[in-house]
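Here the structure is laid out as structure tokens; the discussion comes afterwards.
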Amino acid sequence: MSQPESALAEAQGGGRAPESLAALAERHGLRRAIARPSMPAYLRQLWDRRHFILTYATSRNVSKYSESMLGQLWQVLTPLLNAAVYWLMFGVILGQSKQIDNYPAFLITGVMVFTFTQRTVISGAKSISSNLSLIRALHFPRAALPLAYTIQELQQLGYSMAVLVLLVLVTGEPVSWLWLLIPVVLLMQLVFNIGTGMFMARLGAFMRDMNQLLPFITRTWLYASGVFYAIDDRTKDLPDILRWVLEFNPAAAYIEFMRDLLIYQRFPERWAWVTCLFWAVFALIVGFWYFWRAEERYGRG
Amino acid sequence: MAEPTKELSQVAPQIPQTQNPQNPKAGSPTVIVDGLHIIYKVYGSSGDSEKGNAASALMRILRRQGRPQMKEVHAVKGVSFVAHHGDAIGIIGRNGSGKSTLLRAIAGLLPPHKGAVYTNGQPSLLGVNAALMKELTGERNIILGCYAMGMTPGEVREKYDEIVDFSGIGDFVQFPMSTYSSGMGARLRFAISSAKTHDVLLIDEALATGDRDFKRKSQQRIKQMRDAAGTVFLVAHNLDVIEETCNRVIWLHKGKIRMEGDPQEVLEAYNKA
């Protein structure tokens, strides 16, 4: 190893002997490191990492409020304050409440359900781009990150739902057998959010301007989703197609479904079931596939 | 010109064999780096001419120039070597010579621009720190870190006490990591990431901190891994650590191998340069 530096560097840099090294690698069964696993293998890897995903989500929730004095209490306070602000704005000041019965319950249901999806979209878009050091240090299926972020939001939703049910009871709605269906609609929404979160994760990883743009997109979505108003009421003088488009909006569908169960005590119509199910399955398949296609490129370049 | 390369692949296998005659696996290659080039892009403000205000950003888009703050860095320029079972290879070089990039490429975390890295199994970077959260207690971080490395709950329970013992942080395990001294943090991180057995372990400056006692313990652990026929790569600015731990040293200079071989020889030349 004591030959002149230049000769050694040239021999190694010139790539004059790639055949011999590649052949040596093959003889000993060494493989290239970078490859995207097949979809079934990927799903298996993801399943093996389920403990990491859950622990990561919980840890993020714990650390999120660890600096504040009230600590985990904020998990309940945040949705409560949100509801109070919207109720003050749209219920008291803008006077929506005169047209809709039990407006506080109507509004708060909309806000809570929409917030679940909105927060998943926003955090999903950041799940890859704000974890680059983790991605560059450890091997794991990258889908674990958007999945953990969605689970984190689900844990938060638990508190929101408790607040929501309590408020609905306070506003005078009776307990109903239909409430047993709440987990079903939440499950459909969760599946939709998982898919959407994965889709957004890939967008956010490669389009660096996405995080700047997202607040505007989600706010537009919020206004279009009938959180503050009843879609069928607002669109009764407009063409049917417009109402149809607004009601096909996944956020609006999940909100309406939840209102049916919580406030109106009626079994959701068939189109509501179809819309909610369709969006869940569609988002999951498209989002997961789209995310997986770029698996080997996250955290690179 | 083929001679030096030939020599590389012939001489290197003999090194571990002399040290590790009882292990039959010793001597066969674990990592082959073949004419590797790594180019990566860097985002962020850069240009001297770029003023970094909204107007200049708009002008740039109008003139259809690419993003000037996107720079390409040619970090590794044609590196080749073969590592074997039982090797502990030190990588030295000045800041920015491509040491960490080379490690990431071996770990399969950066794609080669040209050339290839062939590995046996999955090399892992000793880099669990990225998964840890400083607001959380050491206890939670141990569990989180173990899961991040892909352990099962059973393995985590099994290793937990060993990690606490090895790190020597004692009762501090109940406190948030943000309250730790830098030495304690480094010890806990090393303890977590070395709890898992790796075929090929890549260590980037992990041993720089920590007191003398801990340095000795961590060197011992690296030696154990070598004896188990693993391969260890070690990047460090602290040359003593390299000299005591490694049986081979690669000196990177501006992305190329400047010199490669016996630690004493290379370190002597490095210190003169």
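Nothing in this text is a laboratory measurement; each read-out follows from the coordinates by a stated rule. Source: prediction; values computed, not measured. Note that each Cβ is placed from the backbone with ideal geometry, even for glycine, and that neighbours are counted across all protein chains shown.
General observations
- Look at A:127, B:124, A:133 and count the other Cβ atoms within 10 Å of each Cβ; fewest to most, that gives A:133, B:124, A:127.
- Within the shell defined by Cβ-Cβ distances under 12 Å, the residues around residue A:266 carry a net charge of -2, with Lys and Arg each +1 and Asp and Glu each -1.
- Three-way shape label, the protein assembly as shown, alpha-carbon gyration tensor, a/c 1.5: prolate
- Of A:269, A:256, A:247, the one that fluctuates the most in a GNM where chain A has Cα springs shorter than 10 Å: A:269
- Separation of the residue B:158 and residue A:82 label points, Cα + 7 Å toward Cβ, nm: 4.3 nm
- Three-way shape label, chain A, alpha-carbon gyration tensor, a/c 1.5: prolate
- For residue B:28, nonlocal amide neighbours, meaning residues 5 or more places apart or on other chains whose placed amide H falls under 5 Å from its own, are B:85.
- Within a Gaussian network of chain A (alpha carbon springs, distance under 10 Å), most fluctuating of A:224, A:23, A:252: A:23
- Centre separation in Å (Cα based) which lies between the stretch B:151-199 and the stretch A:66-115: 42 Å
- Charging the Cβ of each Asp and Glu at -1 and of each Lys and Arg at +1, and nothing else, the dipole of the stretch A:174-285 about its Cα centre rounds to 260 debye.
- Anisotropy class of the stretch A:137-251 from Cα gyration tensor, a/c 1.5 cut: oblate
- Top of A:236, A:64, A:126 by mean-square fluctuation, Gaussian network on chain A, Cα under 10 Å: A:236
- In chain A, helical runs assigned H by DSSP with n ≥ 4 each contribute -39500 (n - 2.57); averaged across all residues and rounded to the nearest 500, the mean residue ellipticity at 222 nm is -22000 deg cm²/dmol.
- Placing +1 on each Lys and Arg Cβ and -1 on each Asp and Glu Cβ, with no other charges, gives the stretch A:39-295 a dipole about its Cα centre of roughly 840 debye.
- A cut-off of 5 Å between modelled amide H atoms, ignoring neighbours fewer than 5 places along the same chain, links residue B:200 with B:124, B:231.
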